[in-house]
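Chemist: One structure is given below, represented as structure tokens, and several questions about it will come after.
The values are calculated or read from the model by the stated rules, or taken from the named source; none is laboratory data. Remember, predicted model here, so these are calculated numbers, not experimental data. Please note: Cβ atoms are built from the backbone with ideal geometry, for glycine as well, and neighbour counts cover all protein chains shown. Ligands, DNA and RNA are excluded from the accessible area calculation, which covers all protein heavy atoms including side chains. Shrake-Rupley method; radii C 1.70, N 1.55, O 1.52, S 1.80 Å.
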Amino acid sequence: MRGKAKHEYPLTGFVVCRKCGSPLVGSCLRGNYRYYHCRGTYPTASRAKICDAHYIKADWLEEVVWDKVKSVLSQPELLLAEVSKQVENEKSHYSTGTMDKEIKELSRRLKGYDGQERRLMNVLRMDLATPDIVLDEMNLMKKEREADQVRLNGLIQAKENLAKALEMQESIKELCAKVVPCLDNCSNAEKKDAYTYLDLKVSATPEGVSIKGYLDLNVLTTGQTWA
Ligand SMILES: [Zn+2]
């Protein structure tokens, strides 16, 4: 069992190289020492080696990251307040009833533009009006269509942001219920859950670590002493 635990790398998928941005992968040297190292430091079939970052001791990196996450999770009420604030903020940009109606209306109008264009083309073809007037009409329609599309995209984006914030709020509640009561003896699987919920993004070299996540944690730099 002990041997198995030694070869887990809970930060895989959450951590990239601070030098080149490549993912860090775990490896075990001399049978016992776990490290994370940059994928860019060795060549692949499609490219040469692109990075010379050093190996990072896994115990050190995992501890730095978990300490930071733990400090955030140890105050779940602050965390939840922050999430609620973000949800309120998104809600102020998107009022469900009226804006859903507007999305429907805009989508309907956008579908109608093709028909209008065909009608104008027919008018042109059949010589029913002077070309200048028809072309003016077409240009006007094109502008309206573009404006409608921009407005629709904006509304859809706001709707997505609100949905994302609400989803995050649920995740954070779940996380607090699950992980917070056992912060001091979390398994790697629970830590990975926490990283996923917080949308954790770590970039690291042996010289320092930056940790970002849903909470926009402050950038943290820590030096590593080599044994
Ligand atoms: Zn690298």
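Chemist: In segment 12-36, how many are open to solvent by 40 Å² or more (accessible area, probe 1.4 Å), in a loop (DSSP other than H, G, I, E, B) and either within 14 Å of the ligand (Cβ to nearest atom) or β-branched (Val, Ile, Thr) (or both)?
Modeler: So the answer is 5.
Chemist: Read through the list (1) more than 16 Å from the ligand (Cβ to nearest atom); (2) in the same structural domain as Glu207 (by TED's automatic domain parsing), then give the number of the only condition that Ala53 fails.
Modeler: Here Ala53 clears every test but (1).
Chemist: Run Cys182 past the list (1) in contact with a helix residue (DSSP H, G or I) (Cβ under 6 Å, 6 or more places away or on another chain); (2) loosely packed, with under 12 Cβ neighbours inside 10 Å and report the number of the one that doesn't hold.
Modeler: All conditions pass for Cys182, except number (1).
Chemist: Out of Val134, Val87, report the one residue that is in a helix (DSSP H, G or I) and farther than 27 Å from Val69 by Cβ.
Modeler: It is Val134.
Chemist: A further question on this structure: Asp127 fails exactly one of the following numbered conditions: (1) open to solvent by 30 Å² or more (accessible area, probe 1.4 Å); (2) on the phi < 0 side of the Ramachandran plot. What is the number of that condition?
Modeler: Here Asp127 clears every test but (2).
Chemist: Restricting the first residue to segment 33-53 and requiring it to be more than 19 Å from Thr12 (Cα to Cα), which pairs with a second residue that is in a loop (DSSP other than H, G, I, E, B) and more than 11 Å from the ligand (Cβ to nearest atom) meet a Cβ separation below 9 Å and a spacing of at least six or different chains?
Modeler: Between residues of segment 33-53 that are more than 19 Å from Thr12 (Cα to Cα) and residues that are in a loop (DSSP other than H, G, I, E, B) and more than 11 Å from the ligand (Cβ to nearest atom), the close pairs are Lys49/Pro43; Ile50/Pro43.
Chemist: Can you tell me which residue among Leu155, Leu120 is assigned to a helix (DSSP H, G or I), closer than 22 Å to Ser95 by Cα and open to solvent by less than 70 Å² (accessible area, probe 1.4 Å)?
Modeler: On inspection, the qualifying residue turns out to be Leu155.
Chemist: Any chance segment 120-131 includes a residue that's within 30 Å of Val87 (Cβ to Cβ) and free of Cβ contacts under 8 Å to residues at least 24 places away in the same chain?
Modeler: No, segment 120-131 has no match at all.
Chemist: Can you tell me which residue in segment 37-50 is most open to solvent (accessible area, probe 1.4 Å), limited to those that are within 11 Å of the ligand (Cβ to nearest atom) and not in a helix (DSSP H, G or I)?
Modeler: Lys49
Chemist: Of all residues in segment 188-200, which are surrounded by fewer than 15 Cβ atoms within 10 Å (Cβ to Cβ) and either under 20 Å from Gly21 (Cβ atoms) or within 16 Å of the ligand (Cβ to nearest atom) (or both)?
Modeler: Hit for segment 188-200 is Asp199, nothing else.
Chemist: Would you point out which residue out of Val202, Val150 is part of a helix (DSSP H, G or I), β-branched (Val, Ile, Thr) and either closer than 26 Å to Leu24 by Cβ or at pLDDT 90 or above (or both)?
Modeler: Val150
Chemist: Here are the criteria: (1) assigned by TED's automatic domain parsing to the domain that holds Ala204; (2) more than 16 Å from the ligand (Cβ to nearest atom). Tell me which single one Lys104 does not satisfy.
Modeler: All conditions are met except number (1).
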